[in-house]
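What follows is a set of notes on a single structure, which appears directly below.
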Amino acid sequence: MPQLDFSNPLTIAQVVWMAIIFGALYYVLARYTLPQVAEVVDGRANRIAGDLDSARAAKAQSDAAIAEVNEAGRRASAEAQAAINNAIAQVKAEAQEQSRAADERLNQQLEEAEKRIGEARRAAMGALREVARDTAGALITRLTGQAPDPSAVQGAVEGAMAAARS
Amino acid sequence: MAAEGKMDALGQFELHTALGGLGRSVNFTNSNLMMLLGGGLIIGLLYYGMKPRAVVPGRLQSLAEISYSGLLSMTEGSIGPEGRRFFPFIFTLFFFVLMGNMLGLLPYSFTYTSHIAVTFGLALLVIVVVTAVALRIHGMHFFSYFFPEGAPKLLAPLIIPIEVISYLSRPVSLSIRLFANMVAGHVMFEVFATFIVLLGGAGVLGASIGILPLVLNVVLVGFELLVAALQAYVFAILTCIYLHDAVHLH
């Protein structure tokens with residue numbers, strides 16, 4: 001087996017040359033070639049990570065904007081509802097106030113009218129007594145030909161009126 | 001060789017000086033020439049592959065990046081985050097072995113990984129590096145590696161020699177595994193190729209039977225490609241495991 005022929009100087013010489021070649025290969029790869037690959041690969045990884053980060057930031061921003069819009073809408077609708085409720089309450093209060101004022105005015109007018117009616121009736125009653133007395137006096141004068149006693153006529157009228165009233 | 005009427009399946013492993021008179025004067029062998037070629041190929045692949053520095057890589061750049069990222073994840077996966085320091089070493093080792101195995105499959109080439117001197121030299125390098133790393137990181141505490149914590153003291157006379165022998169046998173198993181795989185594959189090629197020639201010279205019947213070793217050799221090429229990649233991977237991953245032990249001491 002040529003591999004085990006250690007009397008051949010080439011068997012060991014190839015190992016010495018291998019050490020040199022392997023060392024040189026390691027040096028070139030570690031020093032120049034692999035960093036070049038690492039730069040490209042890591043650069044890509046960084047770029048992807050950066051893009052993902054900015055995408056994530058943009059998404060967070062848009063999410064915040066959407067939340068803001070929703071919040072604003074909710075607030076606006078709540079405000080509008082409050083305004084509507086307010087207006088309704090105000091209108092109701094006004095209407096109540098108006099109707100109360102109208103009632104009061106009507107009651108007042110009614111009272112005044114009643115008072116006026118009472119006065120008119122009293123006045124009418126006073127006038128009736130006089131008319132009755134005069135009429136009774138005139139009737140008696142015509143029938144009997146002599147003027148009656150005014151106090152008797154007065155008493156008779158009073159009695160008749162009290163009877164009529166009761 | 002068979003063509004010369006001499007059936008020598010081992011002739012393919014014979015060393016010669018290469019590069020003419022210059023090589024003869026410094027004992028530069030055909031195996032070293034293949035090493036140079038392999039090293040040149042991997043540097044060329046990385047250099048020309050990464051030249052476009054494209055964000056979306058082309059074919060050659062993908063190949064270069066896959067070999068970089070694949071080995072990096074293997075290194076970091078088995079050693080840990082500290083493994084990045086050793087990555088150039090693992091990378092060089094893997095591609096040095098892979099190129100030796102792969103280039104050896106080409107006709108008229110030479111398989112330098114089929115030489116025990118070469119594989120043992122590489123394994124020795126690995127074990128020296130691993131031991132140096134362990135001593136550098138852990139100092140004298142490294143020697144506690146040979147006596148696992150928690151083992152009964154009574155068993156120390158038994159455990160320590162076993163651990164020391166297993167540690168020292170690492171380079172032996174590492175180098176013989178690669179060497180034996182490569183030699184076996186190439187001897188099989190040559191033996192079956194010899195059958196083809198012998199049967200081919202034995203009339204019509206012999207020639208028709210001679211198809212069989214030919215088919216077998218075609219299948220063997222595929223198999224040997226697998227072995228070539230696998231053995232390079234095994235060499236690299238075992239180095240990673242040894243480095244893991246050196247960094248973490250179990």
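The values are calculated or read from the model by the stated rules, or taken from the named source; none is laboratory data. Keep in mind it's a predicted model, so treat the numbers as computed, not measured. Positions of Cβ are generated from backbone atoms using ideal geometry, with glycine treated the same way; all protein chains shown enter the neighbour counts. For the accessible areas, the whole protein counts, side chains as well, though only heavy atoms, and no ligand, DNA or RNA atoms are used. Shrake-Rupley method; radii C 1.70, N 1.55, O 1.52, S 1.80 Å.
Before moving on, here are some points about what is shown:
- Protein accessible surface hidden between B and A, which excludes ligands and nucleic acids, total in Å², probe 1.4 Å: 3500
- 3J(HN,Hα) couplings calculated from phi for the stretch A:135-150 with the Karplus curve 6.51 cos²θ - 1.76 cosθ + 1.60 (θ = phi - 60°) are, in sequence order, 4, 5, x, 5, 5, 5, 4, 5, 6, 9, x, 9, 5, x, 6, x Hz; Gly and Pro show x.
- Solvent-accessible area of residue A:117 with every protein chain in place, 1.4 Å probe, in Å² to the nearest 10: 110
- Take the Cα of residue B:163, step 7 Å toward its Cβ, do the same at residue B:36, and the gap between the two points is 4.6 nm.
- For the residues B:151, B:207, B:117, a GNM of chain B with alpha-carbon springs under 10 Å puts the largest fluctuation on B:151.
- Aspartates and glutamates whose Cα lies under 19 Å from that of residue A:59, excluding same-chain neighbours fewer than 8 positions away: A:51, A:68, A:71
- Within a straight-line Cα-Cα reach of under 20 Å, residue B:51 can be paired with the following aspartates and glutamates, leaving aside sequence neighbours fewer than 8 residues apart in one chain: A:39, A:42, B:65.
- From phi via Karplus (6.51, -1.76, 1.60), per-residue ³J(HN,Hα) for the stretch A:118-127 in Hz, x at Gly/Pro: x, 4, 4, 5, 4, 4, 5, 4, x, 5
- Charges were assigned to the Cβ only: +1 to each Lys and Arg, -1 to each Asp and Glu. The resulting dipole of chain A about its Cα centre is roughly 460 debye.
- Approximate shape of the protein assembly as shown as ellipsoid semi-axes (Cα gyration tensor, √5λ), whole Å, largest first: 128, 28, 21
- Converting phi to 3J(HN,Hα) with the Karplus coefficients 6.51, -1.76 and 1.60 and the offset θ = phi - 60°, the stretch B:9-21 yields 6, 9, x, 5, 8, 5, 8, 10, 7, 10, 6, x, x Hz in sequence order, with x at every glycine or proline.
- Expressed per residue, the C-alpha convex hull volume of the stretch A:81-163 stands at 93 Å³.
- Other protein chain C-beta atoms within 10 Å of residue C-beta, averaged over B:45-53: 4.
- With at most 16 neighbouring Cβ atoms within 10 Å, loop trypsin sites (Lys or Arg not before Pro) (DSSP) excluded, longest segment of chain B: B:54-250
- Max mean-square fluctuation residue, GNM over chain B, Cα-Cα springs under 10 Å, options B:209, B:196, B:90: B:209
- Distance in nm between pseudo-label sites at residue B:19 and residue A:84 (7 Å out along the Cβ direction from Cα): 9.5
- For residue B:29, residues with placed amide H under 5 Å, excluding near neighbours: B:18
- Cα gyration tensor of the stretch B:15-248 - equivalent ellipsoid semi-axes, whole Å, descending: 38, 25, 18
- Here chain B is scanned for GluC sites (Glu not before Pro) in DSSP loops (not H, G, I, E, B) that have at most 16 other Cβ atoms within 10 Å, and the longest stretch holding none of them is B:15-148.
- Applying a length cut-off of 18 Å (Cα extent along the axis) and a mean Kyte-Doolittle floor of 1.0 to the DSSP H helices of chain B leaves B:30-49, B:87-103, B:116-138, B:156-200, B:211-248.
- Based on DSSP H segments of at least four residues, each scored -39500 (n - 2.57), the protein assembly as shown has a per-residue ellipticity at 222 nm of -28000 deg cm²/dmol.
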